[in-house]
1. Only one of these is out of contact with any helix residue (DSSP H, G or I) (no Cβ under 8 Å at 6 or more places or on another chain), in a loop (DSSP other than H, G, I, E, B) and either of a type in the set (A, V, I, L, M, F, W, C) or surrounded by 15 or more Cβ atoms within 10 Å (Cβ to Cβ) (or both): G151, G85. Name it.
2. How about region 113-128: which of its residues are part of a strand (DSSP E or B) and either within 16 Å of the ligand (Cβ to nearest atom) or touching a Phe, Trp or Tyr at 6+ places or on another chain (Cβ under 9 Å) (or both)?
3. Just one of (1) under 23 Å from I65 (Cα atoms); (2) surrounded by 18 or more Cβ atoms within 10 Å (Cβ to Cβ); (3) polar (S, T, N, Q) trips up S111, so point out which.
4. State all residues of region 92-112 that are part of a strand (DSSP E or B), under 21 Å from F4 (Cβ atoms) and not β-branched (V, I, T); if no residue qualifies, say none.
5. Listed residues R138, R105; which is of a type outside the set (A, V, I, L, M), modelled with pLDDT under 95, over 15 Å from the mean Cα position of the chain (by Cα) and more than 27 Å from A52 (Cβ to Cβ)?
6. Of D76, D97, which residue is charged (D, E, K, R) and touching a Gly at 6+ places or on another chain (Cβ under 8 Å)?
7. Scan region 54-80 and report the pairs whose first residue is touching a residue at least 12 places away in the same chain (Cβ under 8 Å) and within 18 Å of H145 (Cα to Cα) and whose second residue is assigned to a strand (DSSP E or B) and of a type in the set (K, R), with Cβ atoms within less than 6 Å and a gap of 6+ or a chain change.
8. So the check is Cβ under 6 Å with 6+ separation or different chains; which pairs have a first residue in region 101-120 that's under 14 Å from G186 (Cα atoms) and a second one that's of a type in the set (D, E, K, R)?
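The values are calculated or read from the model by the stated rules, or taken from the named source; none is laboratory data. Bear in mind the structure is a predicted one, so any value in this text is a computation, not a measurement. Because the Cβ atoms are built from the backbone with ideal geometry, glycine has one as well, and the counts that use them run over all protein chains shown.
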Amino acid sequence: MTVFHLTTNAVCDENQKWFEEFRQKHQCRSCGRLARECRQRGTDVRIMGRPARSALFAVHTAIGIGGWEFLNLFEDEFSRHFVMGHVLNSRAQYIPDLVTFVPHRPILIRSSEPEYRFCAECARFVYSPSAGRSYVLRSSLQEKHVYGLDGSGLIVTREFRQRIEPRRWKSLIIEELPVLDRPLDGIDEFPEDYY
Ligand SMILES: [Zn+2]
């Protein structure tokens with residue numbers, strides 16, 4: 001069984017002042033982890049310029065940005081598992097076809113040679129799948145078709161992958177990711193509050 005990892009090479013730059021304030025208020029100063037309240041209610045993000053049409057946008061915080069037309073392919077499953085917010089331009093006007101998103105509970109991409117530690121500042125478990133073979137564990141997949149990561153990355157099942165026409169979304173990168181029954185990193189159970 002495989003799932004599909006969706007990333008993008010389209011970039012969206014957050015407004016610098018918004019970015020600094022957001023990081024100070026809502027991200028751990030040491031590990032950059034997102035504050036819990038951002039997983040319960042939507043966050044509005046202020047950006048610079050007006051990016052060209054894209055499915056997803058690479059961002060500099062853990063708040064994902066995507067095109068509403070693309071995310072709508074996943075219908076109400078998306079709104080059930082993510083909190084969403086508005087994207088604003090430099091004059092604080094809403095950009096109607098873009099949306100911010102954060103999963104209630106992100107999925108972890110595991111690796112065979114990760115780096116991990118407990119953060120000295122917020123005490124949460126920090127896992128970086130920096131090297132080795134990437135995969136997801138079958139036990140982390142529930143009855144969903146779309147899963148969120150930190151930032152704009154998504155993982156979708158084969159069924160949802162088939163809804164995406166790659167020719168329509170040129171900046172989208174789609175990679176297969178194996179689903180394994182047993183971890184290759186020796187960690188059987190993560191702390192409950194890993195995210
Ligand atoms: Zn931390």
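1. From the options G151, G85, the qualifying one is G151.
2. Scanning region 113-128 gives P114, E115, Y116, R117, F118, F125, V126, Y127, S128.
3. So S111 meets the others, but not (1).
4. F101, P103, R110, S111, S112
5. Just one listed residue meets the conditions, R138.
6. Only one candidate passes the filter, namely D97.
7. Listed by first residue and then by second, the contacts come to nothing, as the list is empty.
8. Listed by first residue and then by second, the contacts come to R110/D185; S112/R133; P114/D185.
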